1. Any idea what the alpha-carbon Rg over 2.2 N^0.38 Å comes to for the range A:1-128?
2. For B:Lys127, which aspartates and glutamates qualify as cross-link partners when the Cα separation must be under 15 Å and same-chain residues fewer than eight apart are set aside?
3. Angle check, please: helix B:144-161 long axis (alpha carbons) against the longest principal axis of chain B (alpha carbons), in degrees 0 to 90, nearest 10.
4. For the range B:4-196, treating each Cα as an identical point scatterer without solvent, what Debye log10 I(q)/I(0) comes out at q = 0.10, 0.15 1/Å?
5. With springs only between Cα atoms under 10 Å, which of A:Asp220, A:Asp153, A:Asp96 fluctuates most in a Gaussian network model of chain A?
6. State, to one decimal in nm, how far the label point of A:Asn110 lies from the label point of B:Asn206, with both points 7 Å from Cα in the Cβ direction.
7. Starting with the fewest neighbours, write out B:Arg289, B:Arg229 ranked by other beta-carbon atoms found within 10 Å of each beta-carbon.
8. Sorted from largest to smallest, which semi-axis lengths in Å does the alpha carbon gyration tensor of the range B:215-315 give for its equivalent ellipsoid, taking the root of 5 times each eigenvalue?
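What follows draws every value from the coordinates through simple rules; no lab data is involved. Just so you know, these numbers come straight off a predicted model, no measurement behind them. FYI the Cβ positions are ideal-geometry reconstructions off the backbone, even for glycines, and counts take in every protein chain you see.
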Amino acid sequence: MAIIAKRPDSLREVSFTYCPGCMHGVAHRLIAETVDELGLKNQMTGVAPVGCSVFAYKFFDFDMAQAAHGRAPAVATGMKRARPEMNVFTYQGDGDLAAIGTAEIVHAANRGEHISVFFVNNAIYGMTGGQMAPTTLPGMKTTTSPYGRDANDIGYPVRVCELLNTLEAPYYIERVSLLSVPEIIKAKKAVQKALTYNKEGRGFTFIEFVSTCPTNWGLDPVKSQQWAKENMIPFFKPGVFRDKGTEGGQK
Amino acid sequence: MGNKVLMKGNEAVAEAAIRSGCRLYFAYPITPQSELIEYMAKMMPKVKGTFLQAESEVAAINMVYGAAGMGKRVMTSSSSPGISLKMEGISYLAGARLPAVIINVQRGGPGLGDIQPAQGDYFQATKGGGHGDYRLIVLAPSSVQEFADMASDSFDLADKYRVPVMILSDGLLGQMMEPVEFKEYKTDKEIEELGKQHYDWCIHTNEDGKGHHHNEINSLEIDPNVLERHVLNLEQIYKEIEKNEVKHEEYNINDNNEFVCVAFGTAARIVKSAIDDLNAEGRNIGLIRPITVWPYPYKEIAKTIHGNVKRVFVFELNLGQMVEDVKLAVNGKVPVEFMGKVGGLVFTPEEIKEKIKAYL
């Protein structure tokens, strides 16, 4: 009997801690499959953030570190500089990367650290119970924006890809979504590109996954995807912002 | 070996760290430790090491966390306000049991304070500073030579116990020039071997002959029973350190001391001058200088308080921090007097003599 689908070697036999309908599992799988395909497992390592994916260090089947809130790009910098023979990624959510860790991500990108950053944006703090994130949409209700995010008071959502695209050093920046099967297939291609560039030592690579949080949005998984397509995608437009590996380099 | 060179403390400790096998250094500029970061910027490329000026103290200590997690000798340095920023990372280093060296070239505080020497970070260094139950091994140098020697000592201690180690210096020791003699450079092979001793826990490739592994650099234990075990395990390590690593200097300590002084670092240098003068006038005063301020030489201080000792004097460049530990050591046997100096000012031997003479 032919096996047509199985757990990637780079994921351990450990149950995920994610809610039903959460997309972290999809993002983990895309990374793990790609690590397997590129034959990177023996020299791969990553950094887990603080947030829902705090336990990512348990899920990947290679050595992993867990960082303080927002500091994953700095930790990954130290790791890559200490053992350049290894391939290093960070896995971060929107609160971790775009609020408390803004300085660390901007400067790791600006130095062109030879790491890959996987950024899961679902516009909310999940683990702490649904508070406003730096990427929460205007008008969106959360436990700390109970009347809806007032952009005149607290500002507009941060578009991280666009922000990082103002810097010279990054090698590859793309925003993808995990909101449908075709989009997931596109996302896989982006992960493949990021980790291939990582393997080849090209420079800093950054993938943003537009994602959902059914639990804290108070919607079922299908409705969450629909809501994200209608509300998040117009604000966080998918696309390649930077690809120095192709002719022309920038979109 | 054998060649003495005249160097600032900041440069000497950097050179000694490189010779001890430190090939990774991450820091952010701050006075009065600037010569240290500048020395590293100049010398690290020459030994094919990593010098990286981080975007903040917070980033620098987290880079240290990352590099330490790879099992490599790594260091950062700063001065008081910057050390406060590093406290988050220091707590994580302790929680994840990572060996690393942190140098504090103390200046006046609180807040931005000033850029002159002070010892106001004693509490922060020895009693916590970051969150949670943890300890740092804290070494307090009193000369440029000792500052340099502590670089290799601190890496050895960090590796031995898998704990972060702090060198608690100050602006005077950092800026002052004194003759210093260095140990030989560790060879690349020796440095590689030092890294390999950590293979059972650190992040490294699967291509070292040990097969597949899943090592985690982590301070999170969500199950309270597991976290309890982890913290109690840390306690055992700290007890081991308290048993084995206490270091102090005795200066004119004898059975006939009428007074005993206690001071560390820069303050101890001045106290030595003051009691030299008083002893030349016929007094018999000794000095205990803690070299490790954690673990603290409680027993060693207690031993010097015999029947002839009438009083203990503590001198610090702060409002009275170590004096609490001295009182614990003396345990009410004799009165403990304190004199401090703050604002980045340093007391003179005359001021110290006056303080002691008031009790003659």
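1. Ratio of Cα Rg to 2.2 N^0.38 Å: 1.04.
2. Within the straight-line cut-off, B:Lys127 pairs with B:Glu88, B:Glu235, B:Glu242, B:Glu324, B:Asp325.
3. The two axes meet at around 50 degrees.
4. -0.33, -0.79
5. Largest GNM mean-square fluctuation: A:Asp153.
6. About 3.8 nm, to one decimal.
7. Listing B:Arg289, B:Arg229 from fewest to most nearby Cβ atoms yields B:Arg229, B:Arg289.
8. Values: eigenvalues 327, 39, 17 Å².
Three semi-axes, in Å: 40, 14, 9.
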